[in-house]
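The values are calculated or read from the model by the stated rules, or taken from the named source; none is laboratory data. Since we're looking at a predicted model, the values are computed, not measured. Positions of Cβ are backbone-derived with ideal geometry, glycine not excepted, and every protein chain shown enters the neighbour counts.
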Amino acid sequence: MFRMHRPIRVKRLIEARTVSAGFNGTDILANVDFHIDAGEIVTVVGPNGSGKSTLMRLLVGAVQPRKGKITHSPGLRLGYVPQRLTIDPTLPLSVSRFLDLPRPAKRAEKVAMMERVGISGLAAYSLSDLSGGQYQRALLARALLAQPQILILDEATQGMDQNGSAGFYALIETLRRELGTAVLMVSHELHVVMSASDRVICLNGHVCCEGTPEIVRSAPEYRALFGTGTHGTLALYRHEHNHTHDHAHSHAHGDAGPCAHQSGDQRKDHHPAPMEQGPLDHGENRIDHRQTNTGAKG
């Protein structure tokens, strides 16, 4: 007997419908539709001032839309990795104590998570002594300890060189595969994020185009913003991760269009001196960490 199979329903984590938002009576975003489902990697790209950060703030509930509606799945857990987190360098805050914010984690869980993100052995080191790459991995470890259903990366590789960025995003792909966490990324680094994404959304005050990386990079709207040089840089990224040898595109490393961003931090990962542990006021209000347990955002 022939049986009809029910379609597999994918859990929708966040959905925005015809959302508009701005400041002082001027819209930064207009009539934006957006969604992300469980297990997806979605990247938002766009030039400076295109509304990328505003969209992230809307999705996590930090600001409210002027028009439209944003809905979260019930009990949604968010993990957030910012592009920078300013902490007083004179504050004696070790990596281990940082991972206890805003709520303490078990030592075994912290050790396992630091190993997973590639900073094992740095628990006693001061945050101020870490390299750029180590610092961002510490932020990532802290976000993952909340066991998020969706991980939001707001230009999280700012300050890393190209190799550091590629390694960080390769780690994100691995974590998505192992943990099943959805990932929403904002980045200027087209040469890195395009190939890592299931879907790409090109934003410039509104959604210019969206789809798979191959579709978006061929769209006229995307080419108008970023030029055509990202074809070669996408091939370069795949070269690094698939170990194939397409030398025809190796020259395109630096040609990523007028809005691409090259990081300037050339610091390498190193092993800073450990700091002594002692009593410490955790200062929870100084750390930007958001978690929502509500159903719908209006």
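Pairing each residue of the range 131-146 that is in contact (Cβ under 8 Å) with a residue 12 or more places away in the chain and within 17 Å of Leu184 (Cβ to Cβ) with any residue that is outside any helix (DSSP H, G or I) and of a type in the set (S, T, N, Q), provided the two are 6+ apart or on different chains, yields C-beta distances under 8 Å for Gln136/Thr157; Leu144/Thr181; Ala146/Gln291. In the condition set (1) farther than 22 Å from Ile172 by Cβ; (2) of a type in the set (Lys, Arg); (3) touching a residue at least 60 places away in the same chain (Cβ under 8 Å), Lys67 is compliant with all but (3). Per the listing Gly39, Gly25, Gly68, the residue uniquely modelled with pLDDT under 95, out of contact with any Gly (no Cβ under 7 Å at 6 or more places or on another chain) and not polar (S, T, N, Q) is Gly25.
The criterion of at least 1 residues that are among the small types (Gly, Ala, Ser) and over 16 Å from Leu225 (Cβ atoms) is met by the following strands (runs of 3 or more DSSP E) wholly inside the range 11-54: 12-23, 26-37.
The requirement of being in contact (Cβ under 8 Å) with a residue 60 or more places away in the chain and small (Gly, Ala, Ser) is satisfied by Ser165. Among the residues of the range 55-66, those that are not in a helix (DSSP H, G or I) and not basic (Lys, Arg) comprise Gly61, Ala62, Val63, Gln64, Pro65. Selection within the range 30-49: residues that are within 13 Å of Cys209 (Cβ to Cβ) and in contact with a Cys (Cβ under 9 Å, 6 or more places away or on another chain). The member of this set that is surrounded by the most Cβ atoms within 10 Å (Cβ to Cβ) is Val45. Filtering Ser94, Ser73 for residues that are touching a Leu at 6+ places or on another chain (Cβ under 6 Å), of a type in the set (S, T, N, Q) and in contact (Cβ under 8 Å) with a residue 60 or more places away in the chain leaves a single hit, Ser73. Does the range 89-110 contain any residue that is closer than 30 Å to Phe34 by Cβ, of a type in the set (Lys, Arg) and buried (at least 17 other Cβ atoms within 10 Å of the Cβ)? Checking the range 89-110: not a single residue is closer than 30 Å to Phe34 by Cβ, of a type in the set (Lys, Arg) and buried (at least 17 other Cβ atoms within 10 Å of the Cβ). Just one of the listed residues (Leu85, Leu122) is buried (at least 20 other Cβ atoms within 10 Å of the Cβ) and either in a helix (DSSP H, G or I) or not basic (Lys, Arg) (or both), namely Leu122.
Before we move on, is Ala112 in a helix (DSSP H, G or I), in contact (Cβ under 8 Å) with a residue 60 or more places away in the chain, of a type in the set (A, V, I, L, M, F, W, C) and out of contact with any Pro (no Cβ under 7 Å at 6 or more places or on another chain)? It is false that Ala112 is in a helix (DSSP H, G or I), in contact (Cβ under 8 Å) with a residue 60 or more places away in the chain, of a type in the set (A, V, I, L, M, F, W, C) and out of contact with any Pro (no Cβ under 7 Å at 6 or more places or on another chain).
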